Amino acid sequence: MKRLLITGAGGNLGKICREGLKGYANVIRLSDISPMDPAGPNEEVVQCDLSDRAAVIDLTKDIDGIIHLGGISIEAAFDDLLQANLAGTYNLYEGARQNGVKRIMFASSNHAIGFHKRTTKLDDTSEQRPDSLYGVTKCYGEAMASYYFDKFDVETVSVRIGSCFEKPKDRRMLSTWMSPRDFISLMKAIFNAPMTGHLVMYGVSDNTSKWWSNDHADFLGWKPQDSSEQFRAEIEATFPPEDRHDPAVIYQGGGFAAKGHFED
Ligand code: NAI
Ligand code: 15L
């Protein structure tokens, strides 16, 4: 990997990547709409709004691979999602096409499939069932990735990330948790793979309780090292047992599925 672009570099996963991928590429270009720490060795820092097409075309020049994390990461008003997640993702793919970028990691989300029940085991072929407008933007991103591969040969791994934080924050995350360490090893596996085409997979650690089977992890040769089990006793002592009639417990997307329309 010579030149890697990370969008959303100022956010939670962006900071994890900035630290965890130091030295992985000759140059890492870090971009966000918000100010970031100044560039260190082998880094470039470029503040850019993903909804500004001309700026994004410039941002993607002289780049081999992109980790696309930038955008709104929770449920939000449609007009905001429209700019950051819909226009932003289109602009990024156009930049990639025009500038010959070979491969993208698209940060999709479990909220693209969040209206499946927890009792249904999913795989990469399962139907998209978004649980929020935010989830709809992730389905759109996956479709954009598929289209840009089929028509223009820009490869993407769309990773339906579960919950990537230092540790699980509630009982649901015992199933959806992904450790930062596993996230970084997955980023390397994605860009080290000889070919990917467009593939969909789940970003989840080796938790005992999981709702997703992940054949494409094997294809990439990626094996998660961590498991949420180390946090189970603490989480179960902190949070009361779940009510199995609660929609936030029935559906994989949890609170995203249970909440009403954001703008009502
Ligand atoms: P975050 O909200 O901490 O980071 C997103 C970054 O994108 C922020 O720094 C924000 O300033 C930037 N951004 C927002 N609008 C922008 C725009 N118009 N132009 C440029 N930059 C913009 O989110 P986090 O947790 O780091 O997630 C990163 C990505 O991974 C997001 O796309 C999110 O949807 C996805 N994801 C994250 C999960 C997690 O567990 N952290 C789970 C599933 C998906
Ligand atoms: C996501 O897509 C969000 O970006 C993140 O903040 C968490 O809410 C995560 O899903 C989750 O489902 O835990």
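Throughout, read-outs are computed from the coordinates displayed, never taken from laboratory work. Being a predicted model, the structure only gives us computed values, none of them experimental. Here the Cβ is made from the backbone with ideal geometry for all residues, glycine too, and neighbour counts use every protein chain on show.
The Cβ shell under 9 Å around residue 213 holds other residues with a net charge of -1, Lys and Arg each +1, Asp and Glu each -1. Once backbone amide H atoms are built at 1.01 Å from N, residue 116 has 252, 253 as its partners under 5 Å, excluding neighbours fewer than 5 places away on the same chain. With semi-axes defined as the square roots of five times the eigenvalues of the C-alpha gyration tensor, the equivalent ellipsoid of the stretch 198-240 measures 27, 11, 7 Å, largest first. Within the stretch 1-99, list the trypsin sites (Lys or Arg not before Pro) lying in a DSSP loop whose Cβ has at most 14 other Cβ atoms in a 10 Å radius. Sparse-neighbourhood loop trypsin sites (Lys or Arg not before Pro): 2, 22, 61. Here the residues 144, 195, ranked from fewest to most Cβ neighbours within 10 Å of their Cβ, fall in the order 195, 144. For the stretch 200-251, applying the loop criterion from DSSP together with a ceiling of 16 other beta carbons within 10 Å to the GluC sites (Glu not before Pro) yields 242. Computed over the stretch 3-258, relative contact order equals 17 percent, with contacts defined as Cα pairs under 8 Å that lie 6+ residues apart. As I understand it, the value is the acute angle between the Cα axis of helix 88-99 and the longest principal axis of the Cα atoms of the chain; what does it come to in degrees, rounded to 10? On a 0 to 90 degree scale, this one is about 40. Within the stretch 3-258, DSSP assigns beta bridges of which about 5% are antiparallel (rounded to the nearest 5). Residues in the stretch 126-131 carry Karplus couplings, in order, of 5, 4, 5, 9, x, 10 Hz; the curve used is 6.51 cos²θ - 1.76 cosθ + 1.60 with θ = phi - 60°, and Gly or Pro positions show x. The residues neighbouring residue 24, those whose beta-carbon lies less than 12 Å from its own, together hold a net charge of +2 under the Lys/Arg +1, Asp/Glu -1 convention. Going by neighbour counts of Cβ atoms within 10 Å, the residues 63, 184, 113 line up, fewest first, as 184, 63, 113. For residue 154, nonlocal amide neighbours, meaning residues 5 or more places apart or on other chains whose placed amide H falls under 5 Å from its own, are 149. Once you list every other residue whose beta carbon is under 13 Å from the beta carbon of residue 111, what net charge do they have if Lys and Arg are +1 and Asp and Glu are -1? Local net charge: +2. Taking the Cα centre of the chain as the origin and placing charges on Cβ (Lys, Arg +1; Asp, Glu -1), which of 40, 63, 25 is farthest toward the positive end of the dipole? Of the listed residues, the answer is 25.
Couplings for the stretch 210-225, taken from phi via the Karplus curve 6.51 cos²θ - 1.76 cosθ + 1.60 with θ = phi - 60°, read 9, 9, 10, 9, 10, 4, 6, 5, 5, 4, 7, x, 9, 10, x, 9 Hz in order; Gly and Pro are left as x. Over the stretch 122-264, the Kirkwood radius and the radius of gyration, each from Cα atoms, give a ratio Rg/Rh of 0.99. Between the amide H of residue 67 and those of 5, 6, 7, 105, distances stay under 5 Å, these residues lying 5 or more places away or on another chain, with hydrogens modeled in the peptide plane. Measuring between their Cα centroids, the stretch 151-174 and the stretch 71-118 lie 12 Å from each other. On the basis of the beta-carbon distance and an R0 of 30 Å, residue 245 and residue 79 show a calculated FRET efficiency of 0.30. Each listed q (0.08, 0.10 Å⁻¹) maps to a log10 I(q)/I(0) for the stretch 3-258 from the Debye sum over equal C-alpha point scatterers, namely -0.29, -0.46. Ordering 185, 140, 156 by the projection of their Cα atoms onto the charge dipole of the stretch 136-264, which places +1 on the Cβ of Lys and Arg and -1 on the Cβ of Asp and Glu, puts 185 at the extreme positive end. Across the stretch 242-255, coupling constants 3J(HN,Hα) worked out from phi with the 6.51/-1.76/1.60 Karplus curve, θ = phi - 60°, read 7, 8, 5, 8, 6, x, 5, 9, 5, 9, 4, x, x, x Hz, and Gly and Pro carry x.
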